[in-house]
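> Below is the structure I would like to discuss, written out as structure tokens.
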Amino acid sequence: MASSPTRWRFTWVLGLALVLFMAFVVYRSFYVAGFRCSVCLAFGGRSECRTVEGPTEREALMGATTNACALLAAGVTDTIACERTAPTSANCTTIE
């Protein structure tokens, strides 16, 4: 059985490790992306524009397309068709 000072030390080390891990998770969630892309799509007689930030240009474009299609399409088949539709406009910029 561990003595009281050893138990305290273990508790403090475990608590510190948990706090550091949580700080890392929060930091990564606020990480500024490398690209900002705006995509406008027309599908099913409606149109929608969305802007997304991502670590790569391709991921930001896909994210903006997915977000726009989430509002334009209903169901899996429509969503797939919408995501394969060429955007009416797409613009990406680098974030510094």
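> Kindly check whether there is at least one residue in segment 6-20 that is at pLDDT below 95 and surrounded by 14 or more Cβ atoms within 10 Å (Cβ to Cβ).
The answer is no, given that none of the residues of segment 6-20 is at pLDDT below 95 and surrounded by 14 or more Cβ atoms within 10 Å (Cβ to Cβ).
> Of all residues in segment 71-96, which are more than 17 Å from Gly45 (Cβ to Cβ) and among the small types (Gly, Ala, Ser)?
Answer for segment 71-96, where residues must be more than 17 Å from Gly45 (Cβ to Cβ) and among the small types (Gly, Ala, Ser): Ser89, Ala90.
Yes/no matrix, rows are residues, columns are (1) under 21 Å from Arg28 (Cβ atoms); (2) out of contact with any His (no Cβ under 7 Å at 6 or more places or on another chain); (3) outside any loop (DSSP other than H, G, I, E, B):
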| position | (1), (2), (3) |
| --- | --- |
| Cys49 | no, yes, yes |
| Val52 | yes, yes, yes |
| Thr65 | no, yes, yes |
| Ala68 | no, yes, yes |
| Leu71 | no, yes, yes |
| Thr79 | no, yes, yes |
| Ala86 | no, yes, no |
| Ala90 | no, yes, yes |
| Thr93 | no, yes, yes |
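> If you go through segment 14-49 one residue at a time, how many are farther than 27 Å from Asp78 by Cβ and free of Cβ contacts under 8 Å to residues at least 24 places away in the same chain?
Total satisfying the criteria: 18.
A quick yes/no check of all residues on (1) at pLDDT below 95; (2) β-branched (Val, Ile, Thr); (3) surrounded by fewer than 16 Cβ atoms within 10 Å (Cβ to Cβ):
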| residue | (1), (2), (3) |
| --- | --- |
| Phe24 | yes, no, yes |
| Ser29 | yes, no, yes |
| Val39 | no, yes, no |
| Gly44 | yes, no, yes |
| Glu48 | no, no, no |
| Val52 | yes, yes, no |
| Glu59 | yes, no, no |
| Gly75 | yes, no, yes |
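The values are calculated or read from the model by the stated rules, or taken from the named source; none is laboratory data. All of these numbers come straight from a predicted model, not from anything done at the bench. Neighbour counts run over all protein chains shown; Cβ positions are idealised from the backbone, glycine included.
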